[in-house]
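In what follows, a single structure is set out as structure tokens and then discussed.
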Amino acid sequence: MELGDTEMNGASALASETALAINYNGISHAVMMVSPGHFEDFIRGFSITSDIVHSLDEIYDIQVTKSGDSHLAEVEISSRAFWALKRSRRQLAGTSGCGICGMEAIDQALPQLTGLAPVPIPDVDLFRDLRNRISVAQELAQCSGALHAAIYIDTEGHVRLCREDIGRHNALDKLIGAMVHAGQNPRDGFVVVTSRCSLELIHKAVRAQIGTLVSLSAPTALTVQWARRYGLNLIHVPHRNAPRVYSPTRG
């Protein structure tokens, strides 16, 4: 009902969300609020961009079950990845007075990443009518709104994959998981995020070996700094102006 109306004139669709608990080799790791659907894509992408696994080969099995309003994902990963995960968890454990935990948390927020090999900036023609193509690809948002999207566009300018979620990080993780599962080369084409381009999205893009990240919102100074440091092409597409290249790679 719209504000000021005295009668109910119909219901509007609302975006859905659910709690997703993720266990690795039987050990609880995280609980995330996500949009239902594409859970396996999310888990693949989250595992890679959180540096839990280095490749899809280290994920042996994913089983997702529903319980009421929540879901549980049991993920089986390689012994190497599991021992590295347990070692990382031990490093973060301790008391707040030890003087170490704060530094470990900073290392998690500002991690050392592996730089990317340079790729060319996409041709400007690939960005023509980009916002309209994204709007068509966002099928869930057309019904409910309130959803971020991450989209993969190939070298010909075609939308190949689109993943939507209430969380901008989740949307990118879902897309990365879908790209890896489909065998898409992340160095080809580019990835578009409809949300604010936060530093964590840069981390995820670099860990997923994405060559070019395009944002519909202007980046922050720190985001640009990190994109340049690690060789990620970072482009902003304003509403009415030409695309702006903030971080060309150096070759």
Charge tally for neighbours of Phe39 with beta carbon under 14 Å away, counting Lys, Arg as +1 and Asp, Glu as -1, is -4
Segment 16-68 and segment 192-208: distance between their alpha carbon centers, rounded to Å: 18 Å
At 7 Å along Cα-to-Cβ for each site, give me the label-to-label distance between Arg229 and Glu74 in nm. 4.0 nm
Nearest-0.05 FRET efficiency for Arg196 and Asp125, computed from C-beta distance (R0 25 Å): 0.45
Segment 145-251, relative contact order in percent, only Cα pairs under 8 angstrom and at least six apart counted: 20 percent
Accessible area, 1.4 Å probe, largest first: how do His71, His239 sort? His239, His71
The local net charge around Leu56, scoring Lys/Arg +1 and Asp/Glu -1 for residues other than Leu56 whose Cβ lies under 15 Å from its Cβ, equals -4
For Ala150, what charge total do you get from the other residues with a beta carbon under 10 Å from its beta carbon, if Lys and Arg give +1 and Asp and Glu give -1? +1
Asp188, Asp69, ranked by accessible area, largest first (probe 1.4 Å): Asp69, Asp188
Want the number for Ala221 to Asp61: 0.36 nm per residue separation, take away the alpha-carbon distance, what's left? 53.6 nm
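The values are calculated or read from the model by the stated rules, or taken from the named source; none is laboratory data. No experiment lies behind these values; they were computed from the predicted model shown. A quick note on method: Cβ atoms are made from the backbone with ideal geometry, for glycine too, and the neighbour counts reach across all protein chains shown. Heavy atoms of the whole protein, side chains included, go into the accessibility calculation; ligands, DNA and RNA do not. Shrake-Rupley method; radii C 1.70, N 1.55, O 1.52, S 1.80 Å.
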